[in-house]
Amino acid sequence: MSHHIIEINNLEYIYPDKTKALSGLSFRILHGESVAIVGANGAGKSTLLSHLIGILVPTAGTVRIGDYPLTKQTLPHIRRTVGMVFQNPDDQLFMPTVFEDVAFGPLNLGLPLPEVEKRVMSALETVGAAHLRERPPYKLSGGQKRSVAIASVLSMLPDILVLDEPTAGLDAKARRQLIMLLKSFTHTKIIATHDLDLVLDLCERTIVLSDGAIIADRPTLQIFSDEGLLAQAHLEKPIGMQGCPICSIK
């Protein structure tokens, strides 16, 4: 299943204002892995994700998705292979109804209407949002919008899911529902987030970015047990690993 593999080799990106956002990133993600990308604000997480679907083009280095290097010619194929859920669902939802939003991608592939209907309803049922099909997206709650944004990606039948801050703005119930949903997916998953407890729940591997460079790429529990590394990356241990502050008082 080489089409599920992501390979990044010596990736660099410099913004037009000469700001260097990424510096010499190299890693490989295999089929079925759930990998977190963590780091402080400005570490380069969103910039990295933008390279995986061709929103940004590397200043140097290569991005490879399966058998295809990321180029202008291969971009349509790669965008069918990699589905990205953006940090703000409002950046993804723009049609009058939920159904039309989720159908937008399949329709643009030129699929016949019965196939589009099948994909839309399957995606909405997967995220528990079939009952919202006729609702205007702008009237949905934050959790509902997130679910519909994920459905709009699933309707394209991607092999790889990329999520940017998926729990941002969600209440506790919606966050837990999202985690359970993501746990059920067998897709290769790449999740950029500040929510380290989410990482603890979903990702067996974590890549730590600092100032646009990788400073660690190890099993998640090893990363979160390394207090020196967390301090270097301006991160704190997940709440689930901190223990009870009251019980620790002597």
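Just to confirm a number: summing +1 for Lys and Arg and -1 for Asp and Glu over residues other than Gly105 whose beta-carbon lies under 10 angstrom from that of Gly105, what do you get?
Values: positive: Arg79, Arg80, Arg119; negative: Asp101.
Taking every other residue near Gly105 into account, the sum is +2.
Would you mind putting 14-23, 142-151 in packing order, based on average other-beta-carbon counts within 10 Å, highest first?
Details: 14-23: 13.2, 142-151: 23.8.
Highest-to-lowest ranking by the protection proxy: 142-151, 14-23.
For the chain, what proportion of DSSP beta bridges, expressed in % and rounded to the nearest 5, is antiparallel?
On the way: 19 of 36 bridges.
Here the antiparallel bridges make up roughly 55 percent for the chain.
So what's the Cα pair-distance distribution over segment 30-92, bin width 10 Å, in %?
18, 49, 31, 1
Arrange Ser184, Ser152, Ser122, Ser50 by Cβ neighbour counts within 10 Å, fewest through most, would you? Display every interim value, and only then the final one.
Working: Ser184 8, Ser152 28, Ser122 15, Ser50 18.
Ordered from fewest to most neighbouring Cβ atoms within 10 Å, Ser184, Ser152, Ser122, Ser50 come out as Ser184, Ser122, Ser50, Ser152.
Near Ser210, within a Cβ-to-Cβ distance under 14 Å, what is the net charge of the other residues, with Lys and Arg +1 and Asp and Glu -1?
Values: positive: Lys20, Lys45; negative: Asp211, Asp217, Asp226.
Counting the neighbours of Ser210, the net charge comes to -1.
So how strong a dipole does the chain carry about its Cα centre when Lys and Arg Cβ are +1 and Asp and Glu Cβ are -1, to the nearest 20 debye?
Values: 24 positive and 26 negative charges, 39 e Å.
It works out to roughly 180 debye.
Pairs to check: Lys72/Lys189; Lys145/Lys189; Lys18/Lys173; Lys118/Lys237; Lys20/Lys183. Give those whose C-alpha atoms are more than 31 Å from each other in this structure. Working shown, then result.
Values: Lys72/Lys189 24 Å; Lys145/Lys189 20 Å; Lys18/Lys173 42 Å; Lys118/Lys237 43 Å; Lys20/Lys183 35 Å.
Too far apart for the 31 Å limit: Lys18/Lys173; Lys118/Lys237; Lys20/Lys183.
Grab the beta carbon distance between Met95 and Glu227, set R0 = 51 Å, and tell me the FRET efficiency rounded to 0.05. Intermediate values should be presented prior to the final figure.
On the way: r = 47 Å, r/R0 = 0.92.
Computed FRET efficiency for Met95 and Glu227 comes out at 0.65.
Would you compute the Debye intensity of the chain from its alpha-carbon atoms alone, equal scatterers and no solvent, and pass along log10 I(q)/I(0) at q = 0.07, 0.12, 0.15, 0.17 Å⁻¹ to two decimals?
Each listed q corresponds, in turn, to -0.25, -0.72, -1.09, -1.33.
Alpha carbons only, please: Rg and Dmax for segment 3-132, in angstrom.
16.9, 49
Can you tell me how much longer the chain between Val57 and Arg28 gets when fully stretched, taken as 0.36 nm per residue apart minus their C-alpha distance, in nm with one decimal?
Working: separation 29, 0.36 × 29 = 10.44 nm, distance 1.84 nm.
That pair, Val57 and Arg28, stretches by 8.6 nm at full extension.
For segment 79-85, take each phi angle, set θ = phi - 60°, evaluate the Karplus expression 6.51 cos²θ - 1.76 cosθ + 1.60, and give the result in whole Hz per residue in order, putting x for glycine and proline.
Residue by residue, segment 79-85 yields 6, 7, 7, 10, x, 10, 9 Hz.
Any chance you could list P(r) for segment 61-159, counting all Cα-Cα pairs in 10 angstrom bins from zero, rounded to whole %?
Spelled out per bin, shortest first, that is 17, 46, 27, 10, 0.
Given the options Thr81, Ile239, Thr193, identify the residue whose Cα lies farthest towards the positive end of the charge dipole of segment 2-241 (+1 on Cβ of Lys, Arg; -1 on Cβ of Asp, Glu).
Result: Thr81, furthest along the dipole toward the positive end.
Each value in this text was obtained by applying a stated rule to the coordinates, not by laboratory testing. All values reported here derive from a predicted model rather than from experimental measurement. Neighbour counts are summed over all protein chains in view; Cβ atoms, including those assigned to glycine, are modelled from backbone coordinates with ideal geometry.
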